[in-house]
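The values are calculated or read from the model by the stated rules, or taken from the named source; none is laboratory data. Note that the coordinates shown come from a computational prediction; the quantities given were computed from them, not determined experimentally. Cβ placement follows ideal geometry from the backbone for every residue including glycine, while neighbour counts extend to all protein chains displayed.
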Amino acid sequence: MQAQPTNATQAKDRHYMQLGHSLARLSRAIGQTADLCELLRVNLDSMRTLSACHAAQFMTVAAELNPDDEPIEDPAD
């Protein structure tokens, strides 16, 4: 003869089931966060490369538009 589960046992089982579902959702969220962090790392690396390229272009254009003049001599010499 088996005893019928009590309300407390049923509530405990329901809470464990809810905990299991919550942990599964948390695990998926952590995995998604890890994927997004990796994507962020790749994007930041690409931005670093792009900004270095643009800085080099800017310096090249600035050097072409503003050529160095003859050095100004000190009148005290």
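Taking R25 as meeting all but one of (1) part of a helix (DSSP H, G or I); (2) more than 29 Å from the chain's Cα centre (by Cα), write down the number of the exception.
(2)
Out of A11, A24, report the one residue that is on the phi < 0 side of the Ramachandran plot, surrounded by 10 or more Cβ atoms within 10 Å (Cβ to Cβ), out of contact with any helix residue (DSSP H, G or I) (no Cβ under 7 Å at 6 or more places or on another chain) and modelled with pLDDT of 95 or more.
The match here is A24.
Looking at region 59-67, can you tell me whether even one residue there is at pLDDT below 95, surrounded by 10 or more Cβ atoms within 10 Å (Cβ to Cβ) and not hydrophobic (A, V, I, L, M, F, W, C)?
Yes, because at least one residue in region 59-67 is at pLDDT below 95, surrounded by 10 or more Cβ atoms within 10 Å (Cβ to Cβ) and not hydrophobic (A, V, I, L, M, F, W, C).
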